[in-house]
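FYI, it's all coordinate maths here, none of it is from the lab. Computed from a predicted structure; not experimentally measured. Every residue, glycine among them, receives a Cβ derived from its backbone with ideal geometry; neighbour counts consider all protein chains shown.
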Amino acid sequence: MKHLPLIMFCLLCSLGVRSQSIIAGQHSASDYYASPDTVIYCNWGSTGTSIEWAIDMNNDGINDFTFIANNGGGALGGTDASVQITAASNNQIAFGAVDSCFIPTGAPCGDSGFVFANQITRVFADNDTINKAVTWNNVAQYLYFYSSFNGCYACSGTASGDSMYIIATRVLKGYDTLYGWIRVKDVFANDGDAGLTVIDYACNKKSAYGVITFDNGSSFRVFPNPCKDIVSVQLSSSVKQCELSISDLNGQEVIRQEIKSNEAQINISSLTSGVYFIKLMNDKDVEVRKIIVE
């Protein structure tokens, strides 16, 4: 049994590089799938200012994403209504665009103009590919927003004019990256109500060997390897900033830190000898390297 880590390491080395993805609107026996067909509805007068509904995409008992239907007080005596999706921990949502609104000057709506900007989630259609090529972030994103200001004008934006569409997600768990999708319909926000229906969703299961890498090219270099006490990480010139995670063979994260320069030294003196996985993540890519700690 003492040779098990070495056997696992040799097996993982033989895997090479492979891609992870999911097709929007599709699922198979190798994916998690659920069809809640749940209505999330917020009426300012009867249900308060917000209603939340959370999703556990990969069925591990931890909520990964939350939909929020909100209808609360707005600026200048108006109303801010919206439907948002938020990501827990370091999970991510496919980003679409920033939608800005300019509120003009003049009574009765205020003495000075101002601008606000909302991040809008990207919309996918059935059979679209969801993978690392998508732009991802961890920021709360709007599916629909509506703001009225003292009854004199309104500002609104939506992710899609279609009654039904798909949102792309990815769950970063240990050294796995699990891509998924959520199908929604009837998303709306107005001066009094906000809501949507979550029809169904799917997510990759953990890969067969628990290790996923994405590129034949490399965006970072790890040295020395094997290593002891300190391991250096050198980023390519195209990578400006990223987050680093080190996990053991069981997928347990043991170190996490942000990398803000092209080269960083990671203190691994607390790690016992064995095989570990270094994962670097930014808004577009996730890459994994194996290291041996002596």
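Data for the structure
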| item | result |
| --- | --- |
| Least to most buried among Met57, Met164 (fewest other Cβ within 10 Å first) | Met164, Met57 |
| Gain in span if fully extended, Asn90 to Tyr41, counting 0.36 nm per residue against the direct Cα distance | 14.9 nm |
| Exposure proxy order (Cβ contacts within 10 Å, fewest to most) of Phe188, Phe124 | Phe188, Phe124 |
| Added length on full extension, which subtracts the Cα-Cα distance from 0.36 nm per residue, Ile199 to Gln119 | 26.5 nm |
| Residue exposure sequence - Ser270, Ser160 - by fewest surrounding Cβ within 10 Å | Ser270, Ser160 |
| Extension reserve of the Asp186-Asp126 stretch, reckoned as 0.36 nm per residue once the Cα distance is removed | 19.9 nm |
